[in-house]
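Undergrad: Here it is: the structure, laid out below.
The values are calculated or read from the model by the stated rules, or taken from the named source; none is laboratory data. Given the structure is predicted, the values throughout are model-derived calculations rather than measurements. Note: ideal-geometry Cβ built from the backbone for every residue, glycine included; neighbour counts use all protein chains shown.
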Amino acid sequence: MDPSYSNLPTSHLLGSVPAVISDEKKAPETVVPEASLQIFPPNNGDRGRGYQSLGNANGGDEQQATSNWKGVFSISSYKEYFNVDTDVVLDRIKSSFYPIHGNFFGKISNNPDLYGMVWISTSLVFVIAALGNCATYLMRKRSDNNILWSFDVNYLNVAACAVYGYVVLTPAAFYFLLQYLGSTTSLVLFWCMWGYSLFIFIPTAFLLLIPVEFLRWVIILIAGSASASFVALNLKSYVQGNDLTLLLVASLVGTAVVTRSDGRLALGRLGALCEQLKELNSRGFEVILVTSGAVGVGRQRLKYRKLVNSSFADLQKPQVELDGKACAAVGQSGLMALYDVLFSQLDVTSSQLLVTDNNFRDPDFRLQLSETVKSLLALRVIPIFNENDAISTRIAVYEDSSGIFWDNDSLAALLATELKADLLILLSDVEGLYSGPPSEANSKLIHTYIKETHQGGITFGDKSRVGRGGMTAKVKAAVHAAYAGVPVIITSGYATDNIIKVLQGERIGTLFHKDAHLWTPRKDVGAREMAVAARDCSRRLQGLSSENRRKILLDIADALETNEKLIKAENGADVLTAQQAGFEKSLISRLELKPGKISGLAKSIRVLADMEEPIGQILKRTELADGLVLEKTSSPLGVLLIVFESRPDALVQIASLAIRSGNGLLLKGGKEAKRSNAILHKVITSAIPDTVGEKIIGLVTSREEIPDLLKLDDVIDLVIPRGSNKLVSQIKESTKIPVLGHADGICHVYVDRSANMEMAKQIVLDAKTDYPAACNAMETLLVHNGLLNTSGFNELIAGLRSEGVALYGGPKASAFLNIKEAHSFHHEYNSMACTIEIVDDVYAAIDHIHRHGSAHTDCIITEDQETAELFLRQVDSAAVFLNASTRFCDGARFGLGAEVGISTSRIHARGPVGVEGLLTTRWILRGSGQVVDNDKGVIYTHKNIGLQS
């Protein structure tokens, strides 16, 4: 799969292509950039503008970091820098302080607390130093007997004015200059950079002790120049980076994106489009929209009007197709009125510009068009272009060398080149350009279009269902614009956020670039290739002896312990990033590899290695006839796809189970654990011998690849999602591959009337507080109504509160305990909170669990054996406990060595899934020349044979 480019070295201003540097000493391999604005080379002639990206380049719909400038003035906010490994902190500070050209504002945004501290401390040091120098000067004057001198407070006033002029007034002046130039930076952001420039003076202050006055002046001059150059460089890059024009094109022909299948306007998609353009506009991007749909709007209106004015006899006659130019004339005002209403609701001003092909023959028109668009963009107005189909006299097709456009696709390309746009986005009804019709199973999405490679090898499907172009027209327009110097991306307009995703650097759609043929294609491992490689390696693994497979696991355990420091450093970086992004504490808790976790994982792997060999075990032997023996044996499933969130330790458990069970494995971890997963994958695969191959465990790095993987029901045998209810539900709805897992972990503890309340208190507290983020933690406490007003019940509630557990109640419990009512019984807190409800008896408790539970793990606390057996028999959950904490529902605690997850389904495996849950069976028949021959020559015995015989 394609690794993310977010951490690769790039030189944006020079327009170079990122390079992948491997651990081996090889020459850097030039790669094809993803569809990210950050890596588009400059194409604007001598304008020399820099580039910027919208939001986080790592993208995704996951949580984004927030800039909280309150932290600048809160000392407590800096404690996060000292709660992780020291090496991680030092690396982070060093990388944050390194003044990358033109990227300092981005570093400040990502590290507001750190740079706020730098600004405050350096400014304070500078002020104290300046006042100290002034005092020293006054003391020298005082000691000079040759000069009559008396104390004059004006000396201090002059010094103070000089200091505050440099620290406050000068950056403020530059800030207002930036505002005048249209910058969106904040004053605090700018002051942080200025404070960093002051930091340059601190080391040079010691050099001012040099007795030679000339050298002191030289040092001051050099330090001042360095500081000024640093500020000027970042100012220049920042101003240039904000001077960015984007040409965004919606559906272009007004077909599948702006209209529905019945020809009416798709208001939802248009609304999402306008919201994205508003977002770009508010961030300082210059946005131009080329749209169509006027013919469709006019056709709907004229059809309705014709129907109203028709008699019954008229309707019986053959209906004549409406004139397209008349439809365009009627529909143009309606389409623009719709855009005006949508943009007005978003507090954005739009304008309409109608053009025809003949307009572009006039050089004066082209010049005036450019000036008008520049004026509108300067006023933050979004120009909306449309071909004036009502009066168009189009006489040439797209290939006309004069540059006359043929449709709205070619109009978009023409405008992009005329206005020297930095990016053109063409929105279609499919994800991008495919190697064949998208409906065909063998068609693959082309991420980077190379004219020399793809021009003759693509089979286009039918053209657009309503319009002139289709994908053929879009490709021609994209190639035209790309070779004129404007990068182009074709992507789907059906998604509500694809424009934003493109600018966040996500690899979606198809990229067109004039230099694409010069890029050395990466060894692009597709989803199918990765799955097939994992299957091939798993077959080689199965061919090894049991002892050799065991040795692989032991080597993995040793490798984890050997690289523990490196693993913890990478995990610490993930945790720090998650904290800065404001992720929930429960997610951060699952993300962190706590002390002793690596050694615990290594120990569980060794336990797994010492277990009985699971592959090829004879489960049943039957003599079918004399000399004809049938064996039922255990066998690996094949290739597993595991999608998990947050928990990097899950990667280790799953990988070790896959190796032990002989399965190939594809892993997709959460973005928040990206660095942890990468280092763990590298450590584990490095311990796998070449006779098997490291591709037996593949790490999927992009969530865009998941849909492709979920389509591979012919090479992937089982999907196991470990994460939120939303994740599991989405995967189940998106694949034909069997899915094993649980959506929720709503675990109940029922305290019966006959319960030992001291024991109940210990179990309940452990089930809730031992690890609240775990799926086997108690979420609902059910209490028999006979325990109300007893000291045991009061102590139980007091114990939960003393541990910091937030209590929410059902209708009965909330009234009795005077606590806030839970909004739903079917809720997984994953934190120090739980729901309490009062029930009449064990039957009511069982009914409550069946109605509101998730069939994960449920527990009863009672001394009544009959009640206990009733609960254990009737509660239909994967795990049902008597007088024991729900936290025992775990593969390692069950003696499985590890678990790939906990299944709440009723087919194949249920509860904690260990090695056995990753195996299936196959039949082996041993004969001596027998044939069926219509069952004449065989006497069936069907006799069970002992496994030891």
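Undergrad: Just for segment 756-792: of the residues that are touching a residue at least 60 places away in the same chain (Cβ under 8 Å) and touching a His at 6+ places or on another chain (Cβ under 8 Å), which one is surrounded by the most Cβ atoms within 10 Å (Cβ to Cβ)?
TA: M778
Undergrad: Kindly indicate whether S729 is in the same structural domain as L619 (by TED's automatic domain parsing), at pLDDT 90 or above and over 19 Å from E529 (Cα atoms). First the steps, then the outcome.
TA: Working: in the same structural domain as L619 (by TED's automatic domain parsing): yes; at pLDDT 90 or above: no; over 19 Å from E529 (Cα atoms): yes.
Considered against the rule, which asks whether it is in the same structural domain as L619 (by TED's automatic domain parsing), at pLDDT 90 or above and over 19 Å from E529 (Cα atoms), S729 comes out as no.
Undergrad: Shifting gears a bit: Mind listing just one residue for me: the one in segment 808-830 that is buried (at least 18 other Cβ atoms within 10 Å of the Cβ) and among the polar types (S, T, N, Q) and, of those, modelled with the lowest pLDDT?
TA: N830
Rundown of residues vs (1) in contact with a Pro (Cβ under 9 Å, 6 or more places away or on another chain); (2) surrounded by fewer than 18 Cβ atoms within 10 Å (Cβ to Cβ); (3) part of a helix (DSSP H, G or I); (4) without any contact (Cβ under 8 Å) to a residue 40 or more places away in the chain, yes/no style:
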| position | (1), (2), (3), (4) |
| --- | --- |
| R528 | no, yes, yes, no |
| D536 | no, yes, yes, no |
| L541 | yes, no, yes, no |
| L554 | no, yes, yes, no |
| G582 | no, yes, no, no |
| L587 | no, no, yes, no |
| P595 | no, yes, no, yes |
| I598 | no, no, yes, yes |
| K603 | no, yes, yes, no |
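Undergrad: Which fully enclosed strands (runs of 3 or more DSSP E) of segment 899-949 have 3 or more residues being within 16 Å of G627 (Cα to Cα) and not assigned by TED's automatic domain parsing to the domain that holds I654?
TA: Working: elements: 901-903, 911-913, 919-926, 940-945.
Answer list for segment 899-949: 919-926, 940-945.
Undergrad: Of the conditions (1) closer than 18 Å to S538 by Cα; (2) surrounded by fewer than 24 Cβ atoms within 10 Å (Cβ to Cβ), E645 satisfies every one except a single condition; which number is it?
TA: (1)
Undergrad: Could you list all residues from segment 788-825 that are under 13 Å from M757 (Cβ atoms) and in contact with a Leu (Cβ under 8 Å, 6 or more places away or on another chain)?
TA: F793, I797, G799
Undergrad: Could you please let me know if S635 is part of a strand (DSSP E or B) and either small (G, A, S) or in contact with a His (Cβ under 8 Å, 6 or more places away or on another chain) (or both)? If you could, list the steps in order and put the result at the bottom.
TA: Details: part of a strand (DSSP E or B): yes; either small (G, A, S) or in contact with a His (Cβ under 8 Å, 6 or more places away or on another chain) (or both): yes.
Judged against the criteria, S635 is a match.
Undergrad: Looking at segment 346-372, which of its residues are out of contact with any strand residue (DSSP E or B) (no Cβ under 8 Å at 6 or more places or on another chain) and either at pLDDT 90 or above or assigned to a loop (DSSP other than H, G, I, E, B) (or both)?
TA: If the condition is that a residue be out of contact with any strand residue (DSSP E or B) (no Cβ under 8 Å at 6 or more places or on another chain) and either at pLDDT 90 or above or assigned to a loop (DSSP other than H, G, I, E, B) (or both), then L346, D347, D362 are the ones that fit.
Undergrad: Quick check on segment 380-403. Is at least one of its residues part of a helix (DSSP H, G or I), among the aromatic types (F, W, Y) and either modelled with pLDDT of 70 or more or assigned by TED's automatic domain parsing to the domain that holds K476 (or both)?
TA: Filtering segment 380-403 down to residues part of a helix (DSSP H, G or I) leaves none.
The answer is no, given that none of the residues of segment 380-403 is part of a helix (DSSP H, G or I), among the aromatic types (F, W, Y) and either modelled with pLDDT of 70 or more or assigned by TED's automatic domain parsing to the domain that holds K476 (or both).
Undergrad: Of the residues in segment 861-905, how many are within 16 Å of P721 (Cα to Cα) and out of contact with any helix residue (DSSP H, G or I) (no Cβ under 9 Å at 6 or more places or on another chain)?
TA: So the count comes out to 3.
Undergrad: Output the number of residues of segment 274-305 satisfying the condition of being part of a helix (DSSP H, G or I) and either of a type in the set (A, V, I, L, M, F, W, C) or at pLDDT below 85 (or both).
TA: Here is the first cut: in segment 274-305, the residues part of a helix (DSSP H, G or I) are 274-282, 294-305.
Still in the running and either of a type in the set (A, V, I, L, M, F, W, C) or at pLDDT below 85 (or both): 274, 277, 280-282, 294-305.
So the answer is 17.
Undergrad: Which pairs turn up if I take residues in segment 616-637 that are farther than 20 Å from Q542 by Cβ and look for partners that are assigned to a strand (DSSP E or B) and acidic (D, E) with beta carbon separation below 7 Å, at least 6 apart in sequence or on another chain?
TA: As it stands, the answer is R621/E631; V629/E623, since those pairs meet every condition given.
Undergrad: Turning to a different aspect of this structure: Just name the residue that is modelled with the highest pLDDT out of those in segment 437-457 that are of a type in the set (A, V, I, L, M) and closer than 17 Å to T491 by Cβ.
TA: I446
Undergrad: Continuing with the same structure: Looking only at segment 682-703, which residues are closer than 20 Å to R722 by Cβ, in a helix (DSSP H, G or I) and out of contact with any helix residue (DSSP H, G or I) (no Cβ under 7 Å at 6 or more places or on another chain)?
TA: Passing the criteria: only R703.
For (1) within 18 Å of K632 (Cα to Cα); (2) among the polar types (S, T, N, Q), each residue gets a yes or a no:
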position	(1), (2)
I907	no, no
P912	no, no
R926	yes, no
Q930	no, yes
D935	no, no
I939	no, no
K943	yes, no
G946	yes, no
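Yes or no, residue by residue, for (1) closer than 20 Å to A658 by Cβ; (2) surrounded by 12 or more Cβ atoms within 10 Å (Cβ to Cβ); (3) touching a residue at least 60 places away in the same chain (Cβ under 8 Å):
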| residue | (1), (2), (3) |
| --- | --- |
| G891 | yes, yes, yes |
| G897 | yes, yes, yes |
| T904 | no, yes, yes |
| V915 | yes, yes, yes |
| H942 | no, no, yes |
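Undergrad: Residue by residue through segment 504-520, note down the ones that are within 11 Å of I489 (Cβ to Cβ) and assigned to a loop (DSSP other than H, G, I, E, B).
TA: Going residue by residue through segment 504-520, those that are within 11 Å of I489 (Cβ to Cβ) are 506-513.
The answer is E506, R507, I508, G509, H513.
Undergrad: A follow-up question, please. Being among the acidic types (D, E) and either surrounded by 19 or more Cβ atoms within 10 Å (Cβ to Cβ) or over 22 Å from the mean Cα position of the chain (by Cα) (or both) narrows it down to one residue among D708, D713; which is it?
TA: Working: D708 fails: either surrounded by 19 or more Cβ atoms within 10 Å (Cβ to Cβ) or over 22 Å from the mean Cα position of the chain (by Cα) (or both).
From the options D708, D713, the qualifying one is D713.
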